[in-house]
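Heads up, the thing below is written out as structure tokens.
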Amino acid sequence: MKLLLGGSPCTHWSIAQTRNRETQPEGLGWELFRNYLIARERYGPDFYLYENNKSMAPAIRAQITAELGVEPILINSALVSAQSRQRLYWTNIPGVELPEDRGIVLLDILESGLPLREKGYTLDANYYKGGAAPLKHQSGKRLIVAEPVNITTDGKAQCLRATYYKDGIRNMVGNTVDRKTCVATPVSAI
């Protein structure tokens, strides 16, 4: 039995794409999908599964459905992971349906830090520029996990410098310059 699992990069079809988002079944995003079709034709799998983002344009979704010959199934990854990520799955595998919610939250998978929400969202490409400013998903939900600040022996936080907005690294958790860590900083999101 042969099985083909895959998905093409969703960058060109996602609503997160603010410039040059493809809304028709053409362009680079469509060429990447065509490679999945080429693999399916070449290897002739008994079963296949193709995955991509929910936010693709209706014309692209309809053409993928026509090419693969099956209707997509919408599944939010939050059911089986700590990430809220709605995806479409096209498959001819019999019996595929929505999985049961496993109740996994960010706290279950973090090695350190405190989640600011139970489920995470994808980091955008500008995460590294975000500093301590709250990052936003297009839905307006925060995308951060924070490391707790170092505190004094009496349970108080260190002072926040007046130069915080200029001071960059010396205000962040993990400061090794003068060891006066002052604020929590976003370190990760799922």
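The values are calculated or read from the model by the stated rules, or taken from the named source; none is laboratory data. It should be emphasised that the depicted structure is a prediction, and the values quoted were computed from it without experimental measurement. Here Cβ is always computed from backbone atoms with ideal geometry, including for glycine, and neighbour counts include all displayed protein chains. For the accessible areas, the whole protein counts, side chains as well, though only heavy atoms, and no ligand, DNA or RNA atoms are used. Shrake-Rupley method; radii C 1.70, N 1.55, O 1.52, S 1.80 Å.
Rank these residues by their accessible area, most exposed first, probe 1.4 Å: 61, 85.
Details: 61 95, 85 65 Å².
Highest to lowest solvent-accessible surface, that is 61, 85.
Excluding residue 52 itself, what net charge comes from residues whose Cβ is under 9 Å from its Cβ, given Lys and Arg +1 and Asp and Glu -1? Present the calculation step by step, with values, prior to reporting the outcome.
Details: positive: 54, 61, 87; negative: 51.
Around residue 52, the charge tally is +2.
For GluC sites (Glu not before Pro), the sites in the stretch 1-80 that DSSP calls loop and that have at most 16 other Cβ atoms within 10 Å are 26.
Positive contributions from Lys and Arg (+1) and negative ones from Asp and Glu (-1), summed over other residues with Cβ under 12 Å from the Cβ of residue 36, come out at -1.
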